[in-house]
């Protein structure tokens, strides 16, 4: 599955637990977006999570 290219955030795993305590598999996936970024003077496409975009860890190219 996809991972953030900046922070390395990937999916988390756990269970949905019903009132009767039945457990089914659950995956929480990070919100990963494909973004044009400037890295070392060149424009590249990276898969980055929205937290990295919002916090300014990624410089978007216009």
TODO: Check region 14-28 and report whether any residue there is assigned to a loop (DSSP other than H, G, I, E, B) and under 19 Å from the mean Cα position of the chain (by Cα).
DONE: no
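Determine if region 13-25 includes at least one residue that is out of contact with any helix residue (DSSP H, G or I) (no Cβ under 7 Å at 6 or more places or on another chain) and touching a residue at least 24 places away in the same chain (Cβ under 8 Å). Working first, answer last.
The initial filter retains those residues of region 13-25 that are out of contact with any helix residue (DSSP H, G or I) (no Cβ under 7 Å at 6 or more places or on another chain), namely 13-25.
Now drop any that are not touching a residue at least 24 places away in the same chain (Cβ under 8 Å), which leaves none.
No, because not a single residue in region 13-25 is out of contact with any helix residue (DSSP H, G or I) (no Cβ under 7 Å at 6 or more places or on another chain) and touching a residue at least 24 places away in the same chain (Cβ under 8 Å).
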TODO: Name every residue in region 29-51 that is in a loop (DSSP other than H, G, I, E, B) and modelled with pLDDT of 95 or more, in order of residue number.
DONE: 29, 30, 31
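The values are calculated or read from the model by the stated rules, or taken from the named source; none is laboratory data. Owing to the predicted nature of the structure, the values given are computational and were not obtained by experimental measurement. All Cβ positions, even for glycine, are placed from backbone atoms using ideal geometry, and neighbour counts span all protein chains on display.
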